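Below is one structure, written out as structure tokens, with a few remarks after it.
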Amino acid sequence: MTTESALTPEQILGAAEDVLRRFGPSKATVVDIARTLGVSHGSVYRHFPSKAALREAVTQRWLDQAHDSLQAVAEESGPAGERLHRFLATLFAAKRRKALDDPELFATYLVLVAEHSGTVAAHLEVLTDQIARIVADGVRQGEFADLPVEGTARAVFQAAAHFHDPSHAPEWADTERSDADFAALWRLISDGLRRP
């Protein structure tokens, strides 16, 4: 049980995730979240002014969970090709893990993501910017051809959509096939980026 004075936004978001997993997005309420925490629903509203704001924060938290590990890859030094491969593989592994390990919560997040397209657009921009950093390093190092960085980053991200767009999640369960498809895509991307 949480005391109302010690309640943090992170505790609320964790409880919201649990409630969403149990009840789904159409039945989960702020009262359910407050009950899980042992506080009044007014305490939840002190941190999140509306149910919509809380759902958007939950969505943002879910999308951001991959950012730290991906940002670390983008900021590393070393060969850009290896970093870009690790970035895309890490992104794919994170999305596949979310989809396959907790399908009920994943389905819930798909509903929430559809409600908050601005949050999703910002998330996609962050990911594309991280790829752009790696591409820029590859161009600067002479590892990649002299390509327009921003356009190339968007093209790489879009080309890999099958491995991070949740609409493809049902196909990720066939790990042998999806791993082979990812490897084939990586060869195409790598060959396309390399300096001739």
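Pick from Arg86, Arg21: which is open to solvent by 60 Å² or more (accessible area, probe 1.4 Å), closer than 28 Å to Asp174 by Cα and touching a residue at least 60 places away in the same chain (Cβ under 8 Å)?
Just one listed residue meets the conditions, Arg21.
Exactly one condition in (1) more than 11 Å from the chain's Cα centre (by Cα); (2) of a type outside the set (Lys, Arg); (3) over 30 Å from Arg187 (Cβ atoms) is false for Asp129; which is it?
In the conditions (1) more than 11 Å from the chain's Cα centre (by Cα); (2) of a type outside the set (Lys, Arg); (3) over 30 Å from Arg187 (Cβ atoms), Asp129 misses (3) alone.
Is it true that Val44 is crowded, with 21+ Cβ neighbours inside 10 Å, among the hydrophobic types (A, V, I, L, M, F, W, C) and assigned to a loop (DSSP other than H, G, I, E, B)?
no
If Gly118 passes every condition in (1) of a type outside the set (Lys, Arg); (2) in contact with a helix residue (DSSP H, G or I) (Cβ under 7 Å, 6 or more places away or on another chain); (3) part of a helix (DSSP H, G or I) but one, which one does it miss?
Of the numbered conditions (1) of a type outside the set (Lys, Arg); (2) in contact with a helix residue (DSSP H, G or I) (Cβ under 7 Å, 6 or more places away or on another chain); (3) part of a helix (DSSP H, G or I), the odd one out for Gly118 is (2).
Residues of the range 176-196 being of a type outside the set (Gly, Ala, Ser), in contact (Cβ under 8 Å) with a residue 24 or more places away in the chain and assigned to a helix (DSSP H, G or I), which ones?
Phe182, Leu185, Trp186, Leu188, Ile189, Leu193
Checking Ala80 against (1) touching a residue at least 24 places away in the same chain (Cβ under 8 Å); (2) more than 19 Å from Leu112 (Cβ to Cβ); (3) among the aliphatic types (A, V, I, L, M); (4) out of contact with any strand residue (DSSP E or B) (no Cβ under 7 Å at 6 or more places or on another chain), which test does it fail?
Only one criterion is unmet by Ala80, namely (4).
Is at least one residue of the range 150-167 of a type in the set (Ser, Thr, Tyr), over 22 Å from Leu63 (Cα atoms), in a helix (DSSP H, G or I) and in contact with a helix residue (DSSP H, G or I) (Cβ under 6 Å, 6 or more places away or on another chain)?
Yes, that holds for at least one residue.
With Leu54, Leu127, Leu110, Leu100 as the choices, which residue is open to solvent by 60 Å² or more (accessible area, probe 1.4 Å), touching a Phe, Trp or Tyr at 6+ places or on another chain (Cβ under 9 Å) and either of a type in the set (Val, Ile, Thr) or assigned to a helix (DSSP H, G or I) (or both)?
Leu100
If a residue has to be surrounded by fewer than 18 Cβ atoms within 10 Å (Cβ to Cβ) and either closer than 26 Å to Tyr109 by Cα or within 21 Å of the chain's Cα centre (by Cα) (or both) to count, how many in the range 134-150 make the cut?
Qualifying residue count, the range 134-150: 1.
If Gly38 passes every condition in (1) at negative phi; (2) open to solvent by less than 70 Å² (accessible area, probe 1.4 Å); (3) more than 22 Å from the chain's Cα centre (by Cα); (4) modelled with pLDDT of 90 or more but one, which one does it miss?
(1)
Please list, ordered by first then second residue, the pairs with beta carbon atoms under 8 Å, 6 or more apart or interchain, first in the range 94-122 and free of Cβ contacts under 8 Å to residues at least 40 places away in the same chain, second part of a helix (DSSP H, G or I) and not hydrophobic (A, V, I, L, M, F, W, C).
Taking only residues 6 or more apart or on different chains, the pairs are Ala94/Ser69; Lys98/Tyr109.
Just checking, does the range 58-80 include any residue being open to solvent by 70 Å² or more (accessible area, probe 1.4 Å) and under 16 Å from the mean Cα position of the chain (by Cα)?
yes
The values are calculated or read from the model by the stated rules, or taken from the named source; none is laboratory data. Remember, it's a predicted structure, so these values are computed and weren't measured experimentally. Every residue, glycine as well, gets a Cβ built from its backbone with ideal geometry; the counts of neighbours run over all protein chains shown. The protein model used for the area step is the full one, side chains on, heavy atoms only, and it has no ligands, DNA or RNA in it. Shrake-Rupley method; radii C 1.70, N 1.55, O 1.52, S 1.80 Å.
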